[in-house]
Amino acid sequence: MRSPALRHVLTHLITPLLMCLGMGLAYMGAFVTPEPNHLPVAVVGTAPKAKVFAQTVKDAAGDKLDVRTVATRADAVHLLKSRDVTGAYVPSAEAPELLVATAASDMGATAVEKVFTPVAAQKGVALKVTDVAAPVADDPTGQGLFFLLVAVSIGSYASVAALGAAGAALGMRVRALLALGVAAVVGGIGALLAGPVFHLAHHDLAGVWGMAALYSAGILLIGVGLHTFLKRWTTLTMMVLFVMLNFTSSGGLFRPELQNGFFGTLHAFWNGAGFVEGARSLLYFGGDGLARTVWTLAAWLLTGVLVTAVAALYEHTRAVRREAAAPGTEAAPAASEPGRKAQRATEEEAAQEAEEEVEETVGV
């Protein structure tokens, strides 16, 4: 291609076009056709009649439901609050009841209600639905934590461009410390949004800040380390890791039991799921399962530390080799005016590249 300017533009168009394709595949693949996939439910009762009913439901649903029986209603409530089941049906000839926990998943509760409402209707009775863990009135669908995840994620991965590109002249240790400082600020913004601004969190705001900061630090350190190797392709990589795969598998809109196996598997260990499920545990379920989600976030942070350490070693090795290859470095004469101009041009080009990378990241 003869025109350098045109080649430059076309090269920069590759990233947004790949983002378009990736976002479409990820979001539409995860959210367009939600349906139960081994959705765990329970039937209350120990009599043979209850077991036969549970097996009948299972046979009719196939792989869509995983049905178990529990002895008492209290056992069913415990399973709901530990998020081991999505719904529990209490059979009764006069007043059948469905137990759900919408704070765990509003969509999941709706899916279970669609399963058992026709069952009650066949007997000519109305189904009573009891919510044993409802979200706060300020977040009636319980999806506010997903949008909090979006805000914290964008603040994190967009900051990578500034730290990685604009801060390239700084040592890796300084960039890593700045990343931790930015994570603390991003966590504070997340806590501010969750608490005083939108009232998603009516208690344990310090815990929300801690998880948001831990989540953000993992993203920032991974991004700063990757930038050493990927340069301007870091933006696309961060979008794939922490938007396309992250938001879709977080469980913030659809729990993994309402998604295909790919996103359901990611939910078990991806950092967005760790943040959303951890916040749910803290705010609605008395901390049940919180330790596991914190360990998930800590594992991602450790990954970030390792990536930055490898990047620091690579940069140090490259700098040593460059110094060894440069002749007369100890007695180098003062730079000439053309040399100073060339240096300024190089610095301006690097600054322009950093600005373009930041614009690409924030623009998306």
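The values are calculated or read from the model by the stated rules, or taken from the named source; none is laboratory data. In this text, all values refer to a predicted model and were calculated from it rather than measured experimentally. Using ideal geometry, Cβ is built from the backbone for each residue, glycine included, and neighbour counts are taken over all protein chains shown. These area figures cover heavy atoms from the full protein model, side chains too; ligands, DNA and RNA do not enter into them. Shrake-Rupley method; radii C 1.70, N 1.55, O 1.52, S 1.80 Å.
Once neighbouring chains are kept in place and the probe is 1.4 Å, which whole percent of the accessible area of the chain is contributed by carbon and sulfur?
Working: 11860 of 18040 Å².
Ligands and nucleic acids excluded, carbon and sulfur reach 66 percent.
Kirkwood Rh over Cα pairs of region 163-204 into Stokes-Einstein at 4 °C, 1.567 mPa s: D in µm²/s?
Details: Rh = 11.8 Å.
The diffusion coefficient I find is 109 µm²/s.
At 1.4 Å probe size, put 90, 52 in order of accessible surface, largest to smallest.
On the way: 90 30, 52 95 Å².
The ordering from most to least exposed comes out as 52, 90.
Report the one residue of 52, 112, 135 whose Cα lies farthest in the direction of the positive end of the charge dipole of region 18-151 (charges on C-beta: Lys and Arg +1, Asp and Glu -1; origin at the Cα centre).
The listed residue farthest towards the positive side: 52.
Using a Gaussian network for the chain with springs between C-alpha atoms less than 10 Å apart, which of these wobbles most: 13, 79, 253?
With Cα springs under 10 Å in the chain, the top fluctuation among 13, 79, 253 is at 13.
With every protein chain left in place and a probe of 1.4 Å, what is the accessible surface of residue 21, to the nearest 10 Å²?
Near enough 100 Å² of accessible area.
Which of the peptides 301-309, 260-268 is most tightly packed, and how do the rest follow, judged by the mean count of other Cβ atoms within 10 Å per residue? Let's see the in-between values first.
Numbers: 301-309: 18.0, 260-268: 16.3.
Per-residue mean Cβ counts within 10 Å order the peptides as 301-309, 260-268.
So what's region 167-246 giving for Cα Rg divided by 2.2 N^0.38 Å, two decimals?
On the way: Rg = 14.5 Å, N = 80, 2.2 N^0.38 = 11.6 Å.
The reported ratio for this selection is 1.25.
log10 I(q)/I(0), Debye, Cα-only the chain, no solvent, q = 0.14 Å⁻¹?
-1.13
Using just the alpha carbons, could you tell me how many Å³ per residue the convex hull of region 168-324 encloses? If you can, show how the numbers build up before the last one.
Working: hull volume 18.2 nm³, N = 157.
Spread over its residues, the Cα hull of region 168-324 gives 116 Å³ apiece.
In nm, give the distance between the simple-model label positions of residue 323 and residue 269, each being 7 Å from the Cα along the Cα-to-Cβ direction.
3.9
Using r as the Cβ-Cβ distance of residue 199 and residue 95, and R0 as 22 Å, what FRET efficiency do you calculate, to the nearest 0.05? Walk me through the numbers before you get to the answer.
Details: r = 35 Å, r/R0 = 1.60.
Here the calculated transfer efficiency is 0.05.
May I ask you to order 121-131, 192-202, 56-66 by the average number of other C-beta atoms within 10 Å around their residues, highest value first? Write down the numbers at each step before the final one.
Values: 121-131: 12.8, 192-202: 17.0, 56-66: 14.5.
Averaged packing, sorted descending, gives the order 192-202, 56-66, 121-131.
In square angstrom, what is the accessible area per residue of region 153-281 with a 1.4 angstrom probe?
Numbers: 4250 Å² over 129 residues.
Accessible area per residue: 33 Å².
For region 28-74, what is the accessible area per residue in Å², given a 1.4 Å probe and the full set of protein chains?
Working: 2740 Å² over 47 residues.
So region 28-74 comes to 58 Å² accessible per residue, rounded to a whole number.
For region 43-159, evaluate the Debye formula with one uniform point scatterer on each Cα (no solvent term) and list log10 I(q)/I(0) at q = 0.09, 0.11, 0.12 Å⁻¹, rounded to two decimals.
Listed by q, the Debye log ratios stand at -0.30, -0.42, -0.49.
Would you mind calculating the gained length between residue 137 and residue 117 on full extension (0.36 nm times residue separation, minus the Cα-Cα distance), in nm to one decimal?
Values: separation 20, 0.36 × 20 = 7.20 nm, distance 2.52 nm.
Result: 4.7 nm gained on full extension.
To one decimal place, what orientation-averaged projected area in nm² is obtained for the convex hull of the Cα set of region 1-89?
8.8
With the Cα gyration tensor of region 40-95 in hand, convert its eigenvalues to equivalent ellipsoid semi-axes via √(5λ) and list them largest first in whole Å. Could the numbers behind the result be given before it?
Values: eigenvalues 54, 47, 15 Å².
Rounded to whole Å, the semi-axes are 16, 15, 9.
Measure out, as a whole number of angstrom, how far apart the alpha-carbon centroids of region 176-194 and region 286-317 sit.
Between the Cα centres of region 176-194 and region 286-317 lies a distance of 16 Å.
How far apart, in nm, are two points set 7 Å out from the Cα along the Cα-to-Cβ line at residue 240 and at residue 309?
My value for the distance between the label points is 2.5 nm.
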